[in-house]
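The values are calculated or read from the model by the stated rules, or taken from the named source; none is laboratory data. Owing to the predicted nature of the structure, the values given are computational and were not obtained by experimental measurement. Positions of Cβ are generated from backbone atoms using ideal geometry, with glycine treated the same way; all protein chains shown enter the neighbour counts.
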Amino acid sequence: MKATTKIEFRTTKYQKKLIAIRAKKCGLSVSEFCRRSALDKKITERLSDEQIEIYKMLIRYHLNFTRISNMFKKRNPALSKEVETLTIQIKNELQKFKG
């Protein structure tokens, strides 16, 4: 549905700048950011290039530790459990990126 009605509201210069910065971090226009905020819709910030690289690295680590765990399951159950616990911790950290 195309937005056709205009709403205006007053802010301080600081608030206006802050809203613009937060909208940009989310990859949204100021209007879309304000709409989502007012309608209690989910707003998520975009990941920085550094965060994306860390996320990719954690995914690789998670996959590698899962493979290692699978290799050791039959030979050393204690080591397998320790590696499995580590993979769960990494996966939990990855979930934080998804919001």
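Beta carbons closer than 7 Å, at least 6 apart along the sequence or on distinct chains, pair a first residue in the stretch 30-58 that is within 30 Å of K91 (Cβ to Cβ) with a second that is at pLDDT below 85 and not hydrophobic (A, V, I, L, M, F, W, C) for T44/G99; L58/E93. Where helices (runs of 4 or more DSSP H) fall entirely within the stretch 6-84, those with at least 1 residues that are in the same structural domain as L94 (by TED's automatic domain parsing) and surrounded by 10 or more Cβ atoms within 10 Å (Cβ to Cβ) are at 49-72.
Among the residues of the stretch 83-99, those that are of a type in the set (A, V, I, L, M, F, W, C) and over 22 Å from K42 (Cβ atoms) comprise V83, L86, I88, I90. When the stretch 85-96 is limited to residues that are closer than 23 Å to C26 by Cβ and loosely packed, with under 13 Cβ neighbours inside 10 Å, the one that is farthest from the chain's Cα centre (by Cα) turns out to be Q95.
Please indicate, with yes or no, whether at least one residue in the stretch 65-78 is of a type in the set (D, E, K, R), at pLDDT 90 or above and either farther than 26 Å from K96 by Cβ or over 21 Å from the mean Cα position of the chain (by Cα) (or both). Scanning the stretch 65-78, I find no residue that is of a type in the set (D, E, K, R), at pLDDT 90 or above and either farther than 26 Å from K96 by Cβ or over 21 Å from the mean Cα position of the chain (by Cα) (or both), so the answer is no.
Per the conditions (1) farther than 30 Å from I88 by Cα; (2) at pLDDT below 90, the sole criterion not satisfied by A23 is (2).
The requirement of being under 29 Å from K98 (Cβ atoms), free of Cβ contacts under 8 Å to residues at least 24 places away in the same chain and touching a Lys or Arg at 6+ places or on another chain (Cβ under 8 Å) is fulfilled somewhere in the stretch 8-26, by at least one residue.
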